[in-house]
Each structure stands twice: as structure tokens, then as C-alpha cells.
Amino acid sequence: MASGKIIIAIDGYSSTGKSTFAKLVAKGLGYIYADSGALYRAVTYFAFTNGFIDTEGAIDKDNLQKVLPKIEISFKTNKKGESVTCLNDSNIEKYIRTSKISSNVSRIAELPFVRDFVNVMLRRMGQDKGLVMDGRDIGTAVFPNAELKIFMTATEQVRAMRRFKELQAKGEKDTFESVLEGLKKRDYIDTHRSTDPLTKAKDAIELDNSSMTLEEEIEWINRILLPNFNLQVELR
Ligand code: DC
């Protein structure tokens, strides 16, 4: 039986509940949690607020590539103990979760120079292991040697309903149909881009949580996967 700190890579489609699950697993193991999608969202926010995406949605790739090395994106802990995404030291967490960013982030994330920029930051976070990271290519490209890889799926209808409810809770006006449409578009771009598309790593274990509760997901990882590493998620 293996022991010591490991890297847990959690990949999957949007709105499969990756980050909720990953956060809880990290907390229960005393590991660091890293949301790789937040970095792509932060780059998208930066591109919008600095004029690299015009009103028609066209991306000024050449100039974005030039300035990207000069920006700093980091995760900091706020007063409530939550991890927040910062751009050049300003907390941008609430700006990166809007529908505008969600519907444009896949086009930014498919640019190879953006992926290179983000990957450097992500790999740095894994230097000391003890990390749970979620995303689209963590088990295939960022940490291909991660000790444990999970690929999360759920039906389109279930995922769109989860996203729709999240947006409603935030007071956004999107209809269920528009959320479903947006989700299908993002799935398409995420799985068809030429650099590191979303795909299940050969050695990843699939978790279809269409009809599972979060508690059942934790019970699943504790029973099926973590005993191999002498680890257990403690829910407190
Ligand atoms: O997980 P999320 O919805 O916050 O991710 C935002 C976008 O970033 C998503 O459309 C795909 C992209 N992404 C990616 O290409 N690779 C990752 N490792 C994480 C996210």
C-alpha cells in the first residue's frame, strides 16, 4: 500500500460538480485545492478589461500574448478562510463567475500560449504534492503522473439544471434552454480544441454523479480509491 502525499487530478465536463467535490476532498485530507479553470477565467477577465476582446468578441491574440507574462494571477485566502482568485493582487473572484466570462472562457482557453502560461503556474502548485486540482487536462497534460485521476461526468440535462440553479441564485436571468445551449457549446470547444482537449486519461477512474449526492461521492472515493493510498477523507 502506497503512503505519503499524492496529487489527485479531477477532470471532467463543466458543471459536473468537480470543484465542490475537489474542495471537500482537499479539506478532508488536509491538502491544497487548486481550481485550474479559475486561471483561464482570470485571463479571460484580464483580456476583456484591457481591450483584448472587442465588442464583436474578436480576440487580439498577438497583443494578449505579449502582455500575458507581465500579469500575475494567484490564489489568496480571504477573511472567511475561502480561497479567492487575484489578478495583480486585486480580488477578482466575483467577476470571473459571470455568464459573460463563462461563455467566452473556452475560446481563451484554447489558445496554446494561454495554456502554456497557465500550466507553468499549475505545475508550480504541485511541487510538494498534497494537492487536489480540478480542470479539463490535469490528468492528461498538467500532471500525467498524478497518483490518482478521476474523470467526472453527468448527463447534459443534469449539468445544465445545476448551472441554471446556480445562476438563478445569483439573480442572473438566463433561461434553462440558453444554459443548456451554452453548456453544449463549451463541451464542444473543450473536447475539440487542438491543444490538450478534454478527454479521459487512460488511467482515470470515471465517476458519473448524475444521481449521486455529494456525501455518496465522498463515500465512493473513501471506499474505492483512497484505501490504496492509505488515505481517507474525514468529513467534519
Ligand atoms: O471549470 P471551469 O468552468 O471554471 O473552467 C472554465 C473554462 O476553462 C472551461 O470552459 C474550460 C477551460 N479549462 C481548460 O481548458 N483546462 C483546464 N484545466 C481548466 C479549465
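Tell me, what ³J(HN,Hα) does each residue in region 210-225 have, in order and in whole Hz, if you take phi through Karplus 6.51 cos²θ - 1.76 cosθ + 1.60 with θ = phi - 60° and put x for Gly and Pro?
Each residue's phi maps through the Karplus curve to give 3, 10, 10, 8, 4, 4, 5, 5, 5, 4, 4, 5, 5, 7, 8, 10 Hz.
Placing +1 on the Cβ of each Lys and Arg and -1 on the Cβ of each Asp and Glu in region 136-236, which of L235, M161, W220 has its Cα farthest towards the positive end of the resulting dipole?
Toward the positive end, the furthest listed residue is M161.
Amide H neighbours of I92 under 5 Å, at least 5 residues apart or on other chains, H built in the peptide plane: list them.
For I92, whose amide H was placed from the backbone, the distant partners under 5 Å are T85, C86, L87.
May I ask for the distance between the Cα centers of region 87-110 and region 2-69, given as a whole number of Å?
9
Helices from the chain with mean Kyte-Doolittle at least 0.5 and a Cα length along the axis of 15 Å or more, per DSSP H: which?
Qualifying helices: 36-49.
What does the charge dipole of region 175-224 about its Cα centre add up to, to the nearest 20 debye, if the Cβ of each Lys and Arg holds +1 and the Cβ of each Asp and Glu holds -1?
For region 175-224, the charge dipole is close to 320 debye.
Taking amide H atoms as placed 1.01 Å from N in the peptide plane, list the residues 5 or more away in sequence, or in a different chain, whose amide H sits under 5 Å from that of M152.
D11, G12, Y13, L207
Return the single residue from N78, N209, N119 with maximal mean-square fluctuation; model: Gaussian network over the chain, springs between Cα atoms under 10 Å.
Its mean-square fluctuation being the largest, the pick is N78.
Once amide H atoms are placed 1.01 Å from N in the peptide plane, what residues at a sequence separation of 5 or more from I6, or on another chain, have their amide H within under 5 Å of its amide H?
The answer is G130, L131.
Give me the percent relative contact order of region 7-143, please, defined on Cα pairs under 8 angstrom at least 6 residues apart.
Values: 164 pairs, mean separation 61.6, N = 137.
Reported as a whole number, the value is 45 percent.
Find the relative contact order for the chain and round it to a whole percent, using C-alpha pairs within less than 8 Å whose residues are 6+ positions apart.
The value is 35 percent.
Peptides 31-41, 132-142: what's the order by average Cβ count within 10 Å, highest mean first?
Working: 31-41: 21.7, 132-142: 26.0.
Per-residue mean Cβ counts within 10 Å order the peptides as 132-142, 31-41.
What FRET efficiency do you get for K61 and Y188 if R0 is 30 Å and r is their Cβ-Cβ distance, rounded to the nearest 0.05?
E between K61 and Y188, to the nearest 0.05, is 0.90.
With point charges of +1 on the Cβ of Lys and Arg and -1 on the Cβ of Asp and Glu, referenced to the Cα centre of region 78-227, which listed residue (L148, S194, N209) lies farthest in the positive direction of the dipole?
S194
Once each part is reduced to its C-alpha centroid, what is the distance from region 219-236 to region 127-164 in angstrom?
Computed from Cα coordinates, the inter-centre distance equals 17 Å.
With a ≥ b ≥ c the root eigenvalues of the C-alpha gyration tensor of the chain, is it rounded (a/c under 1.5), prolate (a/b larger than b/c) or oblate? Working shown, then result.
On the way: a/c = 1.63, a/b = 1.33, b/c = 1.22.
It is prolate, given that a/c is not under 1.5 and a/b is the larger ratio.
Tell me the label-point distance for the pair T175, Q157, using the 7 Å Cα-to-Cβ offset, in nm and rounded to one decimal.
Taking the simple label geometry, T175 and Q157 are separated by 1.9 nm.
Rule-based calculations on the coordinates, nothing more; no lab input. Nothing here was measured: the structure is a model prediction, and the numbers come from that model. Backbone-built Cβ (ideal geometry, glycine too); neighbour counts: all protein chains shown.
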